[in-house]
1. Among B:Met95, B:Met174, B:Met40, whose mean-square fluctuation peaks in a Gaussian network model of chain B (Cα, cutoff 10 Å)?
2. Find how much the distance from B:Thr64 to B:Ser145 grows on full extension, using 0.36 nm per residue of separation minus their present alpha carbon separation; answer in nm with one decimal.
3. Based on alpha-carbon atoms only, what is the radius of gyration of the protein assembly as shown relative to the globular estimate 2.2 N^0.38 Å?
4. Which FRET efficiency value, to the nearest 0.05, do you get for A:Leu94 and B:Thr104 by plugging their Cβ-Cβ distance into 1/(1 + (r/R0)^6) with R0 = 56 Å?
5. What FRET efficiency would be calculated for the residue pair B:Leu49, A:Ser86, taking the C-beta separation as r and a Förster radius of 22 Å, to the nearest 0.05?
6. Can you figure out the FRET efficiency of B:Val172 with A:Ala13, using R₀ = 25 Å and their beta-carbon distance, to the nearest 0.05?
7. Checking the a/c ratio against 1.5 first, then a/b against b/c, what shape does the Cα gyration tensor give for chain A?
8. Considering only C-alpha atoms, what is the centroid distance from segment B:36-93 to segment B:125-204, in Å?
Amino acid sequence: MAQHVVPRKVYFAVFTALIVLTATTTGVSFLDLGPWNTVVALGIAFLKATLVVLFFMHVRYSPRLTQITIAGGLFWLAILIALTLSDFMTRGWLPTLQKLGP
Amino acid sequence: MADATAPAAPVTTSAHGGSPELQHQFDTVDQQREASSFGMWVFLVTEILFFGGLFLAYTVYRHTYSQAFAEASRHLDITLGTFNTAVLIVSSLTMALAVFSAATGRRKAIVVFLLATMALGAVFLGVKAVEYSHKFHDHLVPGPSFHFPGPDARPAEIFFSLYFTMTGLHAVHMVVGIGLLTALVLQARKGRYTPEYHTPVEVCGLYWHFVDIVWIFLFPLLYLIGRHIH
């Protein structure tokens with residue numbers, strides 16, 4: 001498979017999007033959206049990270065092996081977070097366990 | 001050695017004749033490049049889980065002490081934080097352009113863009129040093145001299161412990177990145193990188209972009225969580 005050279009205009013478009021999203025996330029943080037503040041902040045961060053991974057890091061054009069490896073890494077991160085929080089967030093749900101809670 | 005194998009493997013010999021950079025364990029230049037890039041990605045996956053553990057600790061404590069974390073967050077300088085985020089994004093662009101220059105044979109541009117990336121990394125670290133010194137001055141560094149007004153001093157100390165651990169480890173990664181780019185500049189000045197062989201530029205680029213991504217998450221989680229509280 002020949003090497004894929006990403007054209008410069010793609011880099012500039014991604015760069016512009018990243019700067020606009022940074023300004024957006026800073027601006028939105030001053031509005032009171034209740035719990036949605038965190039959702040919006042993390043949503044924008046994931047969007048920015050995805051743009052960097054796909055285009056700056058060429059993953060859109062990478063071999064399938066690389067793409068599966070990255071997906072595997074993120075899957076293990078999801079396990080780390082999901083299992084820890086499913087323990088932590090549910091402490092105290094059962095009365096007999098309350099004395100073990102935080 | 002070569003006498004014994006050369007007639008038996010004419011394909012390999014001709015492939016090796018094509019590029020002086022091709023190591024003997026690879027069949028083609030493409031295979032070698034993809035193996036290197038894959039190796040860097042495997043390392044970056046371990047980095048995802050390394051920083052992931054810290055983000056998880058942050059999540060648990062922020063869930064427990066959400067009010068204190070929001071108040072402590074407001075002691076960070078949002079102007080410097082936003083500025084530094086933009087600096088890192090520009091540095092990712094110049095890094096991407098350095099890889100583009102290497103892939104398209106613009107030898108002088110490789111050096112220029114690598115130096116620009118290093119300069120932007122240095123600006124980021126300089127701003128970070130200014131922020132850290134403000135925190136020392138304001139007694140917001142965890143330890144005996146930590147002082148935080150109000151009833152939430154202890155949880156706020158946890159926030160600043162996480163702040164210094166996470167941004168500190170991120171800064172260490174930036175320093176390593178600048179070191180890697182220094183080595184690249186020295187090689188690029190000798191004209192070592194060509195459209196056929198510039199894997200080190202590409203692989204260090206992956207590392208640099210990854211460090212940018214860590215900051216993309218650190219910035220909103222540390223700087224922006226208490227801004228809407230008046």
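1. B:Met40
2. Numbers: separation 81, 0.36 × 81 = 29.16 nm, distance 2.43 nm.
This chain segment gains 26.7 nm when fully extended.
3. Normalised Rg, Cα atoms only: 1.16.
4. Working: r = 63 Å, r/R0 = 1.12.
Efficiency for this residue pair is about 0.35.
5. On the way: r = 18 Å, r/R0 = 0.83.
Step by step, r from the Cβ atoms, then E = 0.75.
6. FRET efficiency, B:Val172 to A:Ala13: 0.20.
7. Numbers: a/c = 6.61, a/b = 1.58, b/c = 4.17.
Oblate is the answer for chain A, as a/c is 1.5 or above yet b/c matches or exceeds a/b.
8. 11 Å
Quick note: the coordinates plus some simple rules give every number you see, no bench work behind them. In this text the structure is predicted, and so the values were computed from the model without any measurement. Methodologically, a virtual Cβ is constructed for each residue, glycine included, from the backbone with ideal geometry; neighbour enumeration extends over all protein chains shown.
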